[in-house]
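Read-outs throughout are calculated quantities, based only on the coordinates presented, and are distinct from any laboratory measurement. Because the structure is a prediction, the values reported are computed rather than measured. Ideal geometry is used to build each Cβ from the backbone, glycine not excepted, and the neighbour counts take in all protein chains shown.
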Amino acid sequence: MTKFNEQTKIALVVSQFNNIITDRLVIGARQTLIQAGIMDDNVIVYQVPGAFEIPRIARLVSQIPAISGVITLGAVIKGETDHYQFISEAVTQQLATLSVNAPIPLVFGLLTTNNIEQALNRAGGKAGNKGSECANALLQLFELEQQLV
Ligand SMILES: Nc1c(NC[C@H](O)[C@H](O)[C@H](O)CO)[nH]c(=O)[nH]c1=O
Ligand SMILES: CC(=O)[C@@H](O)COP(=O)(O)O
């Protein structure tokens, strides 16, 4: 794996559920990648219905030869029941395992919040943008893996 360049292609695997949040995460990730020198056309978005579908598509995308890295982005916001907890735990565990086993770097951008306000704060609000954080994390992995692989 060489350090990223203008040819580097990065996949964003993004859930549409709570897209008022996830759209903002995409903007943050894309802006950070472009500022770092990644071509806008080389930031490729794969949309899935909800967070639960992210791991499967992230696994398939990570096996596309042209893709150098994967950023997963989603927003699980607590409702009236325990559903939030089960989705959050299942997706987190799957993505943690995938991040270790995938052939390319994969970073975790799933917001799991108690309410929409907390999510907005982390999607370009006063607590930053998780999408941008993930983009920076991936770029750091590119640098590190260049030394290890
Ligand atoms: N409640 C949230 C969901 N629920 C949908 C699931 O992720 C999944 O798409 C469905 O169960 C079909 O398999 N998804 C989120 O991304 N965020 C939520 O808050
Ligand atoms: C986390 C979710 O599934 C949420 O959108 C719906 O939650 P609930 O059915 O617990 O209100």
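Pairs needed: first member in segment 60-89, within 14 Å of T113 (Cβ to Cβ); second member anywhere, of a type in the set (K, R) and within 10 Å of ligand 1 (Cβ to nearest atom); C-beta distance under 6 Å; at least 6 residues apart or different chains.
Filtered contacts from segment 60-89: Y84/K78.
Given (1) under 15 Å from A29 (Cα atoms); (2) without any contact (Cβ under 8 Å) to a residue 60 or more places away in the chain, where does N114 come up short, assuming only one miss?
It fails just one condition, (1).
Given the condition outside any helix (DSSP H, G or I), in contact (Cβ under 8 Å) with a residue 60 or more places away in the chain and away from ligand 1 (no atom under 16 Å from the Cβ), answer yes or no: does some residue in segment 131-140 qualify? Spell out the reasoning first.
Within segment 131-140, the first condition is being outside any helix (DSSP H, G or I), and the residues that meet it are none.
No, the conditions are met nowhere in segment 131-140.
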